[in-house]
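Reading through the structure tokens given below for one structure.
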Amino acid sequence: MDENRTQKNSRQSQAEQTKDRLFAAAISLLAEKEFEQITIREIVAKAQVSIGTFYNYYATKMEVFYETYRVADQYFRETVAPALTQERLYDRV
């Protein structure tokens with residue numbers, strides 16, 4: 001039973017790493033060129049995965065970039081918001 005759980009955790013970890021590579025590749029390309037000029041083929045080439053793998057994680061190119069908002073929201077919830085505990089606004093900033 002533990003072996004099945006280990007395999008599942010390993011597959012989940014690999015899936016997360018693949019999605020992270022796609023995201024990182026897209027963000028890297030965005031630093032180089034305009035969003036409209038970026039193609040899914042470029043994203044998958046930079047991430048070194050197949051187009052099918054891309055569509056396993058994202059339906060469109062736009063969906064990859066929406067991920068930036070999720071990442072920013074998570075950072076705010078986990079890092080910024082807990083630090084905003086001071087009573088005075090000046091102290092929070």
Scan the stretch 34-64 for residues that are touching a helix residue (DSSP H, G or I) at 6+ places or on another chain (Cβ under 9 Å) and not in a helix (DSSP H, G or I) and jot them down. I38, T39, Q48, V49, S50, Y58, T60
Given (1) more than 14 Å from the chain's Cα centre (by Cα); (2) surrounded by 12 or more Cβ atoms within 10 Å (Cβ to Cβ), I43 misses just (1)
What pairs can you find where one residue is in the stretch 34-45 and among the hydroxyl-bearing types (S, T, Y), the other is open to solvent by 30 Å² or more (accessible area, probe 1.4 Å), and their Cβ atoms are less than 8 Å apart, with a gap of 6+ or different chains? T39/K61
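The values are calculated or read from the model by the stated rules, or taken from the named source; none is laboratory data. None of these values were measured; they are calculated from a predicted model. Using ideal geometry, Cβ is built from the backbone for each residue, glycine included, and neighbour counts are taken over all protein chains shown. Ligands, DNA and RNA are excluded from the accessible area calculation, which covers all protein heavy atoms including side chains. Shrake-Rupley method; radii C 1.70, N 1.55, O 1.52, S 1.80 Å.
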